[in-house]
Structure formats: structure tokens, C-alpha cells
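Laboratory data are not the source of any read-out in this text; all were calculated from the coordinates shown. Note that the structure is predicted; figures quoted are calculated from it, not measured. Methodologically, a virtual Cβ is constructed for each residue, glycine included, from the backbone with ideal geometry; neighbour enumeration extends over all protein chains shown.
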């Protein structure tokens with residue numbers, strides 16, 4: 001009985017498993033088919049959406065191209081100055097150092113104790129002023145001894161002369177022999193020689209007393225005291241008591257290349273007084289003006305330069321011994337030359353050029369030949385005429401054929417990024433534009449992408465160095481997709497300012513079919 005009851009139970013459990021498994025196998029296949037259909041529909045929807053976005057972007061690009069301003073239709077504010085005639089100086093620059101005209105180390109000429117210092121450190125003294133005193137008593141004793149010996153020998157000389165007179169009278173009468181007269185004559189001559197020696201000793205002792213008073217041999221400035229009062233000084237000491245430097249006048253030693261030496265020699269030999277200006281270490285501040293004195297008699301073969309010496313009056317004590325200076329030797333002055341501000345000169349692959357404002361306030365590129373550049377002025381040898389207007393500020397927005405508006409220095413134009421700060425400087429704006437060189441070439445500057453900023457464009461300044469105008473943070477890059485190659489700068493209120501000849505990037509607000517427009 002127990003076996004029969006267990007068998008049906010096992011069969012029932014098997015049937016339940018089969019019943020449960022059969023419905024599950026039949027329902028899984030339709031679910032998989034539905035999932036695949038749903039994924040296919042989703043992919044098709046995504047592709048269609050991408051297609052619509054692309055078509056909308058194309059439509060926006062076409063609209064932006066149609067609405068973009070034509071090249072030259074935007075007026076660019078610039079600062080301009082006319083070409084003028086004037087004088088320009090030609091200088092030879094050299095590195096130099098200030099040297100005292102005379103430097104004297106004061107030493108004692110006798111041995112003795114220093115008992116008095118009559119000067120103050122750093123003061124100016126004149127020639128003959130008392131500087132120090134040594135103990136004179138030993139030399140006073142020597143003087144007294146020499147004077148005593150002189151008096152003693154003088155008395156003997158006088159006695160010998162009296163005897164000589166007597167012998168001469170006696171010799172005429174034949175009382176004494178001639179030999180005795182000659183001996184007395186020689187004795188007088190010996191005492192005369194001894195008197196000269198004694199007198200020399202007296203003079204030497206007096207000279208030692210003079211040396212006890214140390215005076216200034218030149219006029220100049222005293223340095224720090226090297227020996228204190230109470231010390232014993234010797235004439236053989238290596239270090240002196242003090243040092244005096246003559247600073248009025250003062251000299252500057254500087255070097256120039258040997259290639260410029262013939263022209264300097266020609267002017268110096270003709271008696272011309274060539275002016276020399278001394279500038280500080282930075283080369284910006286003129287310290288003093290002097291004249292060229294002479295030059296060295298040989299060229300340094302290691303550097304290929306020659307040393308020159310200039311003299312400065314230095315009444316205001318502006319130059320100090322061993323000071324480093326930049327020396328500028330005035331070689332000549334060119335009269336009645338065409339001059340423009342150096343900031344107006346641009347450099348590109350084709351050479352130097354300027355922007356000239358012609359008829360109708362239209363900027364044109366003009367190649368020029370630049371001569372001497374001195375300070376803010378540049379000499380133009382060829383390419384310009386007197387009175388023509390050249391752009392000195394705002395060139396980063398210009399290209400050939402751009403319309404310009406001549407503005408006053410210091411005026412700022414909101415939204416344009418142009419500030420005419422000065423007539424001789426260039427404005428560095430936050431735009432991604434680049435200046436144009438002749439024949440459509442880049443003006444020597446190269447743009448690079450900065451993280452989080454607009455693409456920077458550069459233009460070459462007067463010195464030929466590329467000056468970049470970095471994009472403002474979070475501004476649109478000219479190389480960004482959907483920008484159409486435009487170059488612009490971020491305004492304070494958002495958006496980008498248009499540059500002549502550039503295609504502005506469409507925003508989501510003016511693209512038909514975009515979500516923002518909807």
C-alpha cells in the first residue's frame with residue numbers, strides 16, 4: 001500500500017513541471033521579436049532627428065552667409081598720423097662702465113703714530129685740504145739735531161776763513177811757506193762742503209715734519225676710512241689711509257664694434273666734439289651727457305670691439321664710479337627726412353609695410369623701405385610721401401580695402417575692442433582676428449588654440465615680433481565647428497562682434513527648426 005501511494009505523487013510533480021515549462025517556452029519568442037522591432041524604430045528615429053538637425057544647420061549657414069555684411073562695409077576705428085619731415089639722429093650703442101677720472105690711495109710717506117683724522121667719510125674735499133696728522137715730535141728732534149750740527153760746522157767754517165786770511169798776509173811777506181797756505185785753503189773748502197751736508201739734513205728733517213701733515217693731492221670724494229686714530233702707520237704699508245676718487249669730471253669707458261671705428265676716427269680726427277649720452281641699466285632713463293675724449297690704440301681681438309672714453313662734467317653727481325651704463329654715441333643727424341611713428345610699421349613675409357588711408361577713408365597696404373629707427377620715430381627711405389596718413393593703432397582689425405574712421409587718441413569704442421590709447425602704440429584686444437599682410441598673407445603672426453578661449457591671431461609689431469591677441473575666456477573659437485570659419489570676440493553682453501570679410505557663426509536662436517527657436 002505504501003508503494004502505490006508514493007508513485008502517483010511523483011507523477012503529479014513531473015506533470016506540474018511540464019505544465020509550467022510549456023507556457024514559458026511558447027511566450028518568450030514573441031517578446032524577443034517585439035524588443036527588436038522597438039530598437040529598430042528607435043535607431044530610425046535617431047537617424048531622422050540627426051538628418052533634420054543637419055538640414056536645419058545647412059539652412060542656418062545659408063541664411064548667415066546671405067545676412068553677413070560685405071567686406072569693407074564695416075567702418076573700423078583707427079588712430080592715424082601724417083607722414084612728416086624732420087631730423088633723426090643716428091647713434092652707436094655700447095655697454096660701458098663709469099670710471100673715476102683720477103683715483104688716489106692716500107698713504108703716509110713717513111713712519112709714525114696717527115694722532116688726528118681731519119676728514120669725514122664720504123665728504124668732498126679740495127686739493128690741499130688737511131686729511132690726517134702724524135705725531136711730529138720725533139721729526140722735530142731730528143730737525144733740532146740737524147740745526148745744531150749745522151751751527152757747529154758753521155762756526156768752524158768761520159774760524160777757518162779767518163785763519164786763511166792771516167795765512168795769505170803772512171805768505172806775501174814770506175813768513176810762512178806756501179804749503180801751509182794751501183792746506184788752510186783746503187780746510188776752508190772742507191768746512192763749506194760739510195755745511196752743505198748739514199743744511200741738507202736740516203731740510204730733510206723739515207720735510208719729514210711736512211709729511212706729518214697729510215693733505216689731499218686732488219679734489220674729489222673720500223671713501224671709507226681704512227686706519228683709525230692711534231695706529232702706527234708705515235710708508236711701506238700695502239693699504240693706505242683712505243681713497244679719493246675724482247668724480248667731477250668723470251669718465252665712461254664703453255665699446256663699439258670695429259666696423260664702426262673708421263667713421264668715428266674720421267670725425268674725431270677732424271676735431272669734431274661727438275656727444276655721448278649715458279643711460280641707466282634699463283636703457284630708458286638718460287643719466288648724463290658728455291663728449292667723446294679719445295679711443296684705445298688697439299682693437300680687442302677676442303670681441304672685435306674697440307674701447308672709447310667719454311668725459312662727463314657730472315655736476316649733479318649722477319654718475320658713480322664703477323656704475324654700469326648704456327652709452328650712446330651720436331654719429332650724425334639726418335636732416336629733413338620722412339618720419340612716421342615706429343608703431344605704424346608692420347612686418348610680413350613680403351617685408352615691411354604700412355596701412356595708408358586713401359581717398360574715401362579706405363585703408364591700403366603700402367610696402368615701405370625703413371631706414372633708421374630712433375625712439376618712436378622711423379625713417380622711411382621709400383614708399384611714402386609727406387602728408388599721407390598712416391595707421392598707428394587699430395591695425396589688428398584692418399585689411400586691404402577696409403573702411404576706416406580716424407579717431408582721437410584715448411577714445412574707446414564699445415563693442416569693437418578697439419581703444420586708441422596712444423598715437424604710438426598698438427591695441428591688444430580680446431579678439432581672435434589676425435592682421436593681413438600684402439598679397440593676402442598673414443602679417444607674420446600665428447594663431448594657436450588656447451584652452452577655453454578663442455583662437456588667437458597675431459600681427460607683427462614694429463620690432464618684427466608677433467604680437468598675439470588672445471581670445472577672451474569662454475569666447476567662441478574661430479576654428480570651432482558650425483562657426484563657418486568666423487573670427488570674433490566675446491562682447492560683455494554675449495555674442496561675437498563681426499569682422500569684415502568673416503562669416504559669423506549661427507547660434508541656436510536663429511537656426512530654423514532648432515529647439516531653442518521652437
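Points to keep in mind about this one:
- Kirkwood Rh, Cα atoms: Rg over Rh of the stretch 322-362: 1.20
- Three principal axis extents of the stretch 124-167 based on alpha-carbon atoms, in descending order, are 66, 22, 5 Å.
- Debye log10 I(q)/I(0) at q = 0.19, 0.21 Å⁻¹ for the stretch 43-182, Cα point scatterers: -1.23, -1.28
- The per residue volume of the convex hull around the alpha-carbon atoms of the stretch 271-402 is 189 Å³.
- Taking the C-alpha atoms of the stretch 278-319, convex hull volume expressed per residue in Å³: 86 Å³
- If the chain linking residue 320 and residue 232 were pulled fully straight, counting 0.36 nm for each residue of separation and taking away their Cα-Cα distance, it would gain 28.4 nm.
- The convex hull around the C-alpha trace of the stretch 94-167, projected and averaged over every direction, spans 10.6 square nanometres.
- Cα-derived Rg over Rh, computed across the stretch 143-185 with Rh taken as Kirkwood radius: 1.23
- The stretch 125-276: C-alpha pair distances exceeding 24 Å, %: 66 percent
- Stokes-Einstein D for the stretch 136-211, Kirkwood Rh over Cα pairs, 10 °C, 1.306 mPa s (µm²/s): 114 µm²/s
- Modelled this way, with points 7 Å down the Cα-to-C-beta line, the labels at residue 204 and residue 165 are 3.4 nm from one another.
- Per residue, the convex hull spanned by the alpha carbons of the stretch 210-274 comes to 180 Å³.
- Relative contact order (%) - the stretch 136-211, alpha-carbon pairs under 8 angstrom, separation at least six: 54 percent
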